[in-house]
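Notes follow the structure.
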Amino acid sequence: MKCGSAVLGLESSCDETAAAVLGADGTILAEAVLSQEAEHSPYGGVVPEIAARAHLDYLPRLVAQVMERAGLGYADLAGVAATSGPGLIGGLIVGSTLGKGIALAHGLPFVAVNHLEAHALTATLPGIVAQDARGQPMPPVRFPYLLLLLSGGHCQCVAVEGVGRYRRLGTTLDDAVGEAFDKAAKLLGLPWPGGPALERLARQGDPARIPLPRPLLGRPGCDFSWSGLKTAVAHAVARCPGGVPSAQDRADIAAGFQAAVAAVLADRARHAIAMLPDATALVVAGGVAANGAVRGALAAAAEARGLPLVAPPVRLCTDNAVMVAWAGIERLRLGLTDALGHAPRPRWPLEELAA
Ligand code: KG4
Ligand code: ZN
């Protein structure tokens, strides 16, 4: 390891506290993620104040842990990168302030990383092996490519043309797709976060028995809308005898919901591919990218247009600090650093990034 070339990345924008150290070439030297699921699940969603306090508790320890595991001291770093938006402001303040503090104390450059850019660039990380939809290894993706960011907080389709060069092709008009999974799961009596539980329940269901709407299917562009589908789930539950769905009803509604989401996402992806004809791949990221039905539908849509569907390993699709350190490396390479006075931004659209 060359001295002064590794980058420390910090992530604290939502409910995952994470730190990672990467070598300049993208080799992952150490990574750690602490999920706050247990803290938030009694409330059925992320409580911002609890999240901020948990980041404050966990992050300094995680930093010490990854530095030790990487076998490095701060003098071995080329910079510190911390997620500085978009996200929950309390967590952003914790992570970016710690990052700036380390940078200041050790005379290192600081990079204020946009969380969406970090998700967007994960597919170019040479240190990991991206997989296609069948789990086969893929070489890192080349620009330009399409990114579908499908998480609990984000639902957008982006043309990734280079570091700092993004065009948002579509976004949600209401809920994020992960939020829709969580709300549908709650209506079906499943615990939060509901996506994985809903996917398991859907395996026992018949997606055709209780048809649900497919919002925006066939409409031009690649915007998304999920609130009508969630309301349709509420109505389907209410229509069950006595308003109480049987085990089979619940499984059928879950399967119908998942099939509707997968069909809409595939339709939106087809439109996105038409909007970026020179795309080299369709990349998925975010927690919902872990869903098998969603991956299958997107792979079919991409393959029909001659494109691979690329999915980073699930641990790098969900919130993590490896992606933050990698975005930091890419920015440092271009000489893009930020002042220690950089203020974290709860809202920070990708289009406002300039490389
Ligand atoms: O990216 P992520 O871990 O965190 C952020 O939202 O930033 O995404 C979490 C979301 C939750 O809404 C969760 O229910 C959903 O991703 N999710 C899934 C699955 N695994 C996680 N949704 C559907 N199927 C899954 N297997
Ligand atoms: Zn995220």
Kindly evaluate LEU88 against the criterion of being within 22 Å of LYS183 (Cβ to Cβ), at pLDDT 95 or above, open to solvent by 30 Å² or more (accessible area, probe 1.4 Å) and of a type outside the set (S, T, N, Q).
yes
Out of (1) open to solvent by less than 60 Å² (accessible area, probe 1.4 Å); (2) out of contact with any strand residue (DSSP E or B) (no Cβ under 7 Å at 6 or more places or on another chain); (3) at pLDDT 95 or above; (4) on the phi > 0 side of the Ramachandran plot, what's the single condition that is false for GLY135?
(3)
Please state which of the following conditions ARG331 fails to meet, knowing it meets all the rest: (1) within 16 Å of ligand 2 (Cβ to nearest atom); (2) at pLDDT 95 or above; (3) among the basic types (Lys, Arg).
(1)
Does at least one position in segment 242-250 carry a residue that is surrounded by fewer than 18 Cβ atoms within 10 Å (Cβ to Cβ), within 15 Å of ligand 1 (Cβ to nearest atom) and modelled with pLDDT under 95?
no
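Condition (residue is among the basic types (Lys, Arg), assigned by TED's automatic domain parsing to the domain that holds SER151, in a helix (DSSP H, G or I) and over 30 Å from ALA18 (Cα atoms)) applied to segment 303-314: is it met by at least one residue? Even if it seems obvious, please write down each step before you answer.
Step one: filter segment 303-314 for residues among the basic types (Lys, Arg), giving 305.
Narrowing the set further to residues that are assigned by TED's automatic domain parsing to the domain that holds SER151 leaves 305.
From what's left, in a helix (DSSP H, G or I): none.
Scanning segment 303-314, I find no residue that is among the basic types (Lys, Arg), assigned by TED's automatic domain parsing to the domain that holds SER151, in a helix (DSSP H, G or I) and over 30 Å from ALA18 (Cα atoms), so the answer is no.
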For segment 171-184, indicate whether the set of residues that are modelled with pLDDT of 95 or more, crowded, with 21+ Cβ neighbours inside 10 Å and over 25 Å from GLY44 (Cα atoms) is non-empty.
no
Applying the selection to segment 83-112, what residues are more than 24 Å from VAL47 (Cβ to Cβ) and assigned to a strand (DSSP E or B)?
PHE110, VAL111, ALA112
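When only residues in segment 335-355 that are at pLDDT below 95 and in a loop (DSSP other than H, G, I, E, B) count, which is surrounded by the most Cβ atoms within 10 Å (Cβ to Cβ)?
Here is the first cut: in segment 335-355, the residues at pLDDT below 95 are 349-355.
If we keep only those that are in a loop (DSSP other than H, G, I, E, B) too, we end up with 349, 353-355.
On the way: PRO349: 15, LEU353: 18, ALA354: 7, ALA355: 14.
Across segment 335-355, the extreme among qualifying residues is LEU353.
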Neighbours by Cβ (under 9 Å, 6+ apart or cross-chain): first from segment 189-200, within 6 Å of ligand 1 (Cβ to nearest atom); second charged (D, E, K, R)
PRO193/GLU37; PRO193/ASP182; GLY194/ASP182; GLY194/LYS183; GLY194/LYS186; GLY195/ASP182
Could you please find all residues in segment 93-117 being open to solvent by 40 Å² or more (accessible area, probe 1.4 Å), among the hydrophobic types (A, V, I, L, M, F, W, C) and closer than 29 Å to VAL158 by Cα?
ILE93
Could you grab me the full set of residues in segment 277-306 that are more than 16 Å from ligand 1 (Cβ to nearest atom) and surrounded by fewer than 20 Cβ atoms within 10 Å (Cβ to Cβ)?
PRO277, ASP278, THR280, ALA300, GLU303, ALA304, ARG305, GLY306
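Only one residue in ARG295, ARG270 is under 19 Å from GLN204 (Cα atoms), among the basic types (Lys, Arg) and either in contact with a His (Cβ under 8 Å, 6 or more places away or on another chain) or away from ligand 2 (no atom under 16 Å from the Cβ) (or both). Which one? Working first, answer last.
Working: ARG270 fails: under 19 Å from GLN204 (Cα atoms).
Result: ARG295 is the single residue among ARG295, ARG270 that is under 19 Å from GLN204 (Cα atoms), among the basic types (Lys, Arg) and either in contact with a His (Cβ under 8 Å, 6 or more places away or on another chain) or away from ligand 2 (no atom under 16 Å from the Cβ) (or both).
The values are calculated or read from the model by the stated rules, or taken from the named source; none is laboratory data. All values reported here derive from a predicted model rather than from experimental measurement. Reconstructed Cβ throughout: ideal geometry from the backbone, glycine too, with neighbour counts over all protein chains shown. Side chains are part of the model used for accessible areas, which takes the heavy atoms of the whole protein and leaves out ligands, DNA and RNA. Shrake-Rupley method; radii C 1.70, N 1.55, O 1.52, S 1.80 Å.
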